[in-house]
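Values in this text are rule-based calculations from the coordinates and carry no lab data. Worth saying up front: this structure is predicted, and the values here are computed from it rather than measured. Ideal geometry is used to build each Cβ from the backbone, glycine not excepted, and the neighbour counts take in all protein chains shown.
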Amino acid sequence: MLRRTLALVGGVLVLILLVWGVRGCLNARKESAIKDYATDSAELLSESKKDGDGLFTLLSGDGGTDQATAIINQLNGYRTSSASRVDRAEALDVPGDLNGAQDQLLDVLELRAQGLAEITDALQVALGDQDRREGSDEVAKQMQVFLASDIVDTQLFRRELFDVLRDEGLSAPGLPGKGFVPDIEWLQPDFVADQVNALRTGTGGGGDAAPGLHGNGIAGVSLGGVALGPGGSATVQLSGDLAFEIQVQNQGENTENDVTVSVTVGDGGDADEQEETIDTIAAGELKTVTIPLTKQPATGQQVPITVEVKPVAGEQKTDNNTQESSVIFTR
C-alpha cells in the first residue's frame with residue numbers, strides 16, 4: 001500500500017514538473033516571438049527613416065536640369081525599397097498580442113510607400129517645363145501623408161508595442177528618434193514649392209557659404225542641473241523631467257541658420273539619439289538648447305553621453321563641436 005502511495009505521489013510530482021516545464025517553454029517562446037517582432041519592426045522603421053532622410057536631402061539639394069534624371073532615378077530607388085518594405089512587414093511572424101500593432105505598422109509603411117510613389121511621379125512633372133505648379137502642389141500634398149504616417153507610428157504603433165513589451169517585462173528596441181518629416185516647414189505648400197523650384201532651376205542647396213569665419217562650439221552641458229565636463233563623469237538622479245541644457249556659441253563672423261544639436265545617450269544598438277535645431281544664431285551669440293531625456297537609461301553604471309553641434313557650411317574648425325562624457329544614473 002505504501003509503495004502504491006509513493007508511486008502515486010511520484011507520478012503527481014512528475015506531472016506537475018512536466019506542466020511547469022511546458023508552461024515555461026511556452027512563456028519563453030512567447031517572449032522570444034515578441035522580442036523578434038519588436039526588433040524586426042524597429043529595423044523596418046529605421047530603414048524607412050533613412051529613405052526619408054535621403055528624400056529630404058534630395059529635395060534640399062542643388063538640383064538643375066542636368067540632374068533631373070539622376071534625381072528621378074534616386075526617387076525610384078526609394079519607391080522600390082518602400083514597396084518592398086511593406087511586403088517584408090506583411091511577412092513578419094506576428095504574436096497574437098501584437099496584431100493591432102502589426103496593422104498600425106503596415107499603415108505607417110504603406111502611407112510612406114504611397115507618398116514616395118506619388119512624389120516620384122509628381123517631380124517628373126515638376127522638374128519639366130509643363131505643369132510645374134501642379135507637380136509641386138502634389139509634392140506638398142504628400143507631406144501630409146508622411147505626417148499621417150508619423151502620427152500612426154508614434155501615437156498608435158509604438159504605444160501598443162511598448163504596452164506589450166512592458167507587460168512582458170521586455171526592453172524596447174531602438175526606434176528612430178524623429179519622424180519621417182524632419183521639420184514642420186515641409187508642411188507649408190509655399191515652402192515646398194520654393195524647394196521644388198530651386199531643385200528645377202539648380203538654385204537649391206543654400207548656395208556657397210558667405211565670406212568670413214564660420215563655426216559654432218559647445219560652451220557648456222548640464223543634465224538636471226549637474227554640469228557635464230568634457231571627458232568627465234557625473235552622478236545624476238533619475239526623475240520624470242530630466243533634460244540636457246546645452247550652451248552653443250557662434251564663434252564665427254556670420255549668422256548661422258538651422259544649426260542641429262544632438263545628444264546620444266548610451267552606445268551601440270541601445271543608444272538613444274535626440275536632436276533639436278537652433279533656427280538662427282548671430283555671430284558671438286550664446287544660445288541654450290534644451291533636449292529632454294526621453295528614454296530611461298541603465299542605472300548604477302557608466303553611461304556614455306555624446307553631445308554634438310553639427311558643422312555648418314564653411315566651418316573649418318570642428319574640434320569643439322563634440323563633447324563626450326559619462327553619467328551614472330541613480331534612483
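Taking the Cα centre of the range 23-201 as the origin and placing charges on Cβ (Lys, Arg +1; Asp, Glu -1), which of 59, 48, 184 is farthest toward the positive end of the dipole?
48
Pop the C-beta distance of residue 70 and residue 310 into the FRET formula with R0 = 25 Å and round what comes out to the nearest 0.05.
Values: r = 25 Å, r/R0 = 1.02.
Step by step, r from the Cβ atoms, then E = 0.50.
How far apart, in nm, are the 7 Å Cα→Cβ label points at residue 294 and residue 155?
Here the modelled spin labels are 1.6 nm apart.
Compute from the Cα atoms of the range 23-201 the Rg and the Dmax, the latter being the longest Cα-Cα distance, and quote both in angstrom.
Final numbers for Rg and Dmax: 18.6, 68 Å.
Which length gain, in nm to one decimal place, applies between residue 91 and residue 276 when the Cα-Cα distance is subtracted from 0.36 nm times their residue separation? Don't skip to the end; give the middle numbers.
Values: separation 185, 0.36 × 185 = 66.60 nm, distance 3.56 nm.
Contour length minus Cα-Cα distance gives 63.0 nm.
Hey, what D do you get for the range 216-330 in µm²/s if you plug the Kirkwood alpha-carbon radius into Stokes-Einstein at 25 °C and 0.890 mPa s? Before the final figure, lay out each step's value.
Working: Rh = 14.4 Å.
Approximately 170 µm²/s, per Stokes-Einstein.
How many lysine pairs are close in the range 23-201, with Cα atoms under 29 Å apart and the two 8 or more places apart or on different chains?
The result is 9.
In nanometres, what is the gap between the two model label sites at residue 43 and residue 255, each 7 Å from Cα along Cα-to-Cβ?
4.7
Non-local amide H neighbours of residue 327 (under 5 Å, H modeled in plane, Pro and chain starts lacking H): which ones?
Here 234, 303, 305 satisfy the definition.
Using a Förster radius of 30 Å, what is the FRET efficiency between residue 320 and residue 235 based on their Cβ-Cβ separation? Nearest 0.05, please.
On the way: r = 26 Å, r/R0 = 0.85.
For R0 = 30 Å, the calculated efficiency reads 0.70.
Take the Cα of residue 83, step 7 Å along the line toward its Cβ, and report every residue of the range 52-76 whose backbone nitrogen sits under 14 Å from that point.
75-76
Using the Cα centre of the chain as the reference point, and only Cβ charges (+1 on K/R, -1 on D/E), how large is the resulting charge dipole? Debye, rounded to the nearest 20.
Working: 25 positive and 51 negative charges, 385 e Å.
Around 1840 debye, computed over the chain.
When DSSP beta bridges are limited to those with both residues in the chain, what percentage is antiparallel, rounded to the nearest 5? Write out the running numbers ahead of the final one.
Working: 37 of 42 bridges.
Antiparallel bridges: around 90 percent, rounded to the nearest 5.
Using just the C-alpha positions of the range 113-197 as equal point scatterers, what log10 of I(q)/I(0) does the Debye formula give at each q in 0.18, 0.20, 0.25 1/Å?
These q points yield log10 I(q)/I(0) values of -0.77, -0.87, -1.15.
Between residue 32 and residue 185, what is 0.36 nm times their sequence separation minus the Cα-Cα distance? Round to one decimal in nm.
On the way: separation 153, 0.36 × 153 = 55.08 nm, distance 4.14 nm.
Going from the current span to full extension adds 50.9 nm.
Before anything else, pin down the relative contact order of the chain: Cα pairs under 8 Å, at least 6 apart, normalised by residue count, whole percent. Before the final figure, lay out each step's value.
Values: 538 pairs, mean separation 53.5, N = 331.
Relative contact order for the chain comes out at 16 percent.
Among 299-305, 219-225, how do they line up by average Cβ neighbours within 10 Å per residue, starting with the highest? Before the final figure, lay out the partial values.
Numbers: 299-305: 14.6, 219-225: 16.9.
The densest-packed peptide leads the list: 219-225, 299-305.
From the backbone phi of the range 179-191, what are the Karplus-calculated ³J(HN,Hα) couplings (6.51 cos²θ - 1.76 cosθ + 1.60, θ = phi - 60°) in whole Hz, Gly and Pro given as x?
Rounded to whole hertz, the list is x, 5, 7, x, 7, 5, 4, 6, 8, 9, x, 5, 5.
Among [x] 31, 57, 12, 0; [y] 24, 56, 19, 0; [z] 25, 48, 20, 5, 2, 0, only one was calculated for this model; which label is it, if the read-out is P(r) over Cα pairs in 20 Å bins from 0, in percent?
[z]
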